[in-house]
Amino acid sequence: EQWGVEVSSIRLSAYGRMIDFRYRVIDPEKAAVLGNLENKAYLIDQATGVELRVPSSAKIGSLRQASAKLEAGRVYFMIFANSGLVVKHDSKVTVVVGDFRAENLTVQ
């Protein structure tokens, strides 16, 4: 894989209000873009073009795992807020983090 990761899953959670994106790191050097919080993460619903962000709160911080050094074989996650319940089961989406793009993912 070009980015050093494989998508483990992308699914609705919290009664459809959140989208849970998980990926396994194959090559930590190539995958570093995903672990850097300076690279903003968002999810695009391909049918509508709506962009969904990773929520962050004062108490729990960002709903995105980040690390200066990602570990090979480990699964990391990002949770996107599904505002307005735009994304549904079987929706096609694209996850973007900096230069990283995972396109045509089907939401479970």
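The values are calculated or read from the model by the stated rules, or taken from the named source; none is laboratory data. The shown structure was predicted, so the numbers you read here are calculated from the model rather than taken from an experiment. Reconstructed Cβ throughout: ideal geometry from the backbone, glycine too, with neighbour counts over all protein chains shown. Accessible surface areas use protein heavy atoms only, side chains included; no ligands, DNA or RNA. Shrake-Rupley method; radii C 1.70, N 1.55, O 1.52, S 1.80 Å.
So what J values fall out for region 54-60 if you push phi through Karplus, 6.51 cos²θ - 1.76 cosθ + 1.60 with θ = phi - 60°, rounded to Hz, Gly and Pro as x?
Residue by residue, region 54-60 yields 7, x, 9, 10, 4, 6, 10 Hz.
Using P(r) over Cα pairs in 5 Å bins from 0, in percent as the read-out, say which of (1) 2, 12, 20, 20, 16, 12, 9, 6, 3, 1, 0; (2) 2, 13, 27, 28, 20, 8, 1, 0; (3) 2, 13, 25, 26, 19, 11, 4, 0 was calculated from these coordinates.
Label (3) holds the value from this structure.
Quick one: accessible area per residue over the chain, 1.4 Å probe, rounded to a whole number of Å²?
Numbers: 6160 Å² over 108 residues.
On a per-residue basis, 57 Å².
Among residues other than residue 56 whose Cβ falls under 12 Å from its Cβ, what is the net charge (Lys/Arg +1, Asp/Glu -1)?
Working: positive: 40, 53, 59, 64; negative: none.
So the environment of residue 56 carries a net charge of +4.
Defining a contact as two alpha carbons under 8 Å apart and six or more residues distant in sequence, what relative contact order in percent does the chain show?
33 percent
Leaving out ligands, DNA and RNA, what percent of the accessible area of the chain is carbon and sulfur, probe 1.4 Å?
49 percent
Can you tell me, using C-alpha contacts under 8 Å and at least 6 residues apart, the relative contact order of region 41-81 as a whole percent?
So the answer I get is 38 percent.
How much FRET efficiency would the formula 1/(1 + (r/R0)^6) give for residue 69 and residue 108, where r is the Cβ-Cβ distance and R0 is 35 Å, rounded to 0.05?
0.75
Applying the Karplus parametrisation 6.51 cos²θ - 1.76 cosθ + 1.60 with θ = phi - 60° to the phi angles of region 12-19, what ³J(HN,Hα) value in whole Hz is obtained for each residue in order, glycine and proline being reported as x?
Computed from phi, the couplings for region 12-19 are 6, 8, 6, 6, x, 7, 9, 10 Hz.
Nearest 500 deg cm²/dmol is fine: what mean residue ellipticity at 222 nm does the chain get from its DSSP H runs of n ≥ 4 alone, each adding -39,500 (n - 2.57), divided by its residue count?
Numbers: 1 runs with 8 residues, N = 108.
My calculation for the chain gives -2000 deg cm²/dmol from helical runs alone.
List the residues, sorted by chain then number, that are 5 or more residues from residue 5 or on another chain and whose placed amide H is less than 5 Å from its amide H.
Under 5 Å from the amide H of residue 5: 26, 27.
Summing Lys, Arg as +1 and Asp, Glu as -1, what charge do residues with Cβ under 9 Å from the Cβ of residue 24 carry, residue 24 excluded? Provide the component values of the computation, followed by the final result.
Details: positive: 22, 74; negative: 6.
Once all neighbours under 9 Å are counted, the net charge is +1.
How many nm separate the modelled label positions at residue 9 and residue 101, each set 7 Å beyond the Cα in the direction of the Cβ?
Result: 2.8 nm between the two label points.
Just to verify a number: FRET efficiency for residue 58 and residue 26, C-beta to C-beta distance, R0 = 35 Å, to 0.05?
That pair, residue 58 with residue 26, gives E of 0.55.
What are the ³J(HN,Hα) couplings of region 78-86, residue after residue, when phi is run through the Karplus curve with 6.51, -1.76, 1.60 and θ = phi - 60°? Round to Hz, x for glycine and proline.
Going residue by residue, I get 9, 10, 9, 6, 9, 4, x, 6, 4 Hz, with x marking Gly and Pro.
Let me confirm the definition first: pairs of Lys residues in region 21-108, 8 or more apart or on different chains, C-alpha distance under 27 Å. How many are there?
Details: 30/40; 30/69; 30/92; 40/59; 40/69; 40/88; 40/92; 59/69.
So the count of such lysine pairs works out to 8.
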